[in-house]
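The values are calculated or read from the model by the stated rules, or taken from the named source; none is laboratory data. Being a predicted model, the structure only gives us computed values, none of them experimental. Cβ: placed from backbone, ideal geometry, glycine included. Neighbour counts: every protein chain shown.
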Amino acid sequence: MPESQLRIAIVGATGAVGREALSLLAEAGHPASHVVPLASSRSAGAPLPYGACTLRTSELTSEALASCDAAIFAADAETARRFAPQAAEYGCLVIDNSSAFRADPAVPLVIPEVNADALGSRSRLVANPNCSTTILLTALEPIRRACGITRIMVSTYQAVSGAGLAGIDELREQTRAALEGRSVPSKVFPESCAFNVFTHESPIDLETGFNLEERKLINETRRIWNTPDLEIIPTCVRVPVERVHSQSVSAELRSSIDASSLRSLLARAPGLELIDDPATGTFPTPLRAAGRNPIAVGRPRISVADQRITISLWICGDQLRKGAALNALQILDHMLGTTLAFDRGAHHASPVES
């Protein structure tokens with residue numbers, strides 16, 4: 001089937017990730033007549049921008065999915081568990097952004113730049129990793145392939161849009177209120193977002209001390225890299241930024257690498273953009289990474305102590321794009337064995353370097 005005739009459903013089309021998927025499809029030139037935005041009954045009929053067009057949202061039903069060739073699920077885990085297997089049975093190629101199937105050994109968990117080979121020829125249902133996992137592993141993969149990685153320590157600084165459009169609305173409302181000397185109670189987050197930083201709001205496991213977001217990073221990294229014993233020490237934090245997750249990461253290596261080779265690896269790797277110019281103070285920031293496909297990497301450093309070789313990086317990645325919608329569409333691209341005009345590696349060949 002020609003790519004332009006592929007009917008693609010976006011499940012959860014009115015949410016932050018669903019809207020981003022629509023934006024990416026429009027940028028790729030996929031015809032509006034072959035895009036099916038689906039959402040809950042209360043959102044049915046809602047208008048959604050699609051390039052120069054406007055699409056109308058339809059209610060998510062089994063019948064609506066049966067008429068589609070592919071489905072990107074950008075809804076909650078409960079919705080995915082109910083409808084994604086049905087869609088796959090109908091012959092749909094299904095990529096799910098929720099946590100519903102990430103731990104299921106029968107469902108591939110895929111980042112195309114990292115483990116596209118996990119996609120079997122019969123794969124019809126594929127899980128998208130958590131956004132923080134995708135950003136981290138896309139950045140570390142070229143280093144892992146060259147040197148091996150034995151330990152990871154990472155702190156994440158996560159944008160409020162990770163909690164959806166409601167997170168953005170709450171940050172804006174609380175920021176306006178704070179500047180006017182008012183206070184607005186928090187509904188989405190446990191703490192005020194405006195001018196504040198707090199540990200990620202997901203539930204904490206009292207036995208291990210890690211919250212759910214941190215456990216996702218640990219478990220998904222081990223599964224994607226097939227390294228069940230890899231030591232990963234994450235700390236996940238919410239910051240007053242609308243869009244783009246940032247990460248400070250240090251990784252211990254199995255074999256050595258020099259500074260020039262490290263920079264070269266990062267500059268040439270698919271899915272990455274090296275932004276690192278100490279002379280001008282130009283490094284990755286959420287503003288530089290927002291709305292862009294590549295993961296921005298900078299501040300590459302190497303330290304050696306007690307025969308341990310450690311590299312450190314500063315990373316910024318748009319969690320709505322590569323962390324969610326773009327990764328899902330790249331998976332679809334690989335499943336089809338063709339291209340929907342997405343840059344397979346999302347690699348920009350003009351890194352800012354000193």
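A few comments on the model shown:
- Flag for GLU27 being at pLDDT below 95, at negative phi and among the acidic types (Asp, Glu): yes
- Considering the conditions (1) in contact (Cβ under 8 Å) with a residue 60 or more places away in the chain; (2) farther than 26 Å from VAL110 by Cβ; (3) of a type in the set (Phe, Trp, Tyr), TRP225 is excluded by exactly one of them, (2).
- Of all residues in region 189-224, those satisfying the criterion of being surrounded by fewer than 17 Cβ atoms within 10 Å (Cβ to Cβ), of a type in the set (A, V, I, L, M, F, W, C) and not in a loop (DSSP other than H, G, I, E, B) are PHE198, ILE204, LEU212.
- A single entry from SER155, SER246 fulfils the requirement of being out of contact with any Phe, Trp or Tyr (no Cβ under 8 Å at 6 or more places or on another chain), touching a residue at least 24 places away in the same chain (Cβ under 8 Å) and under 14 Å from LEU136 (Cα atoms): SER155.
This table checks each residue for (1) of a type in the set (A, V, I, L, M, F, W, C); (2) surrounded by fewer than 23 Cβ atoms within 10 Å (Cβ to Cβ); (3) in contact with a His (Cβ under 7 Å, 6 or more places away or on another chain); (4) in a strand (DSSP E or B).
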| site | (1), (2), (3), (4) |
| --- | --- |
| CYS236 | yes, no, yes, yes |
| SER261 | no, yes, no, no |
| ASN293 | no, yes, no, no |
| ALA296 | yes, no, no, yes |
| SER303 | no, yes, no, yes |
| ILE309 | yes, yes, no, yes |
| CYS316 | yes, no, no, yes |
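- Boolean, SER33 is over 26 Å from the mean Cα position of the chain (by Cα) and either modelled with pLDDT of 95 or more or assigned by TED's automatic domain parsing to the domain that holds LEU332 (or both): yes
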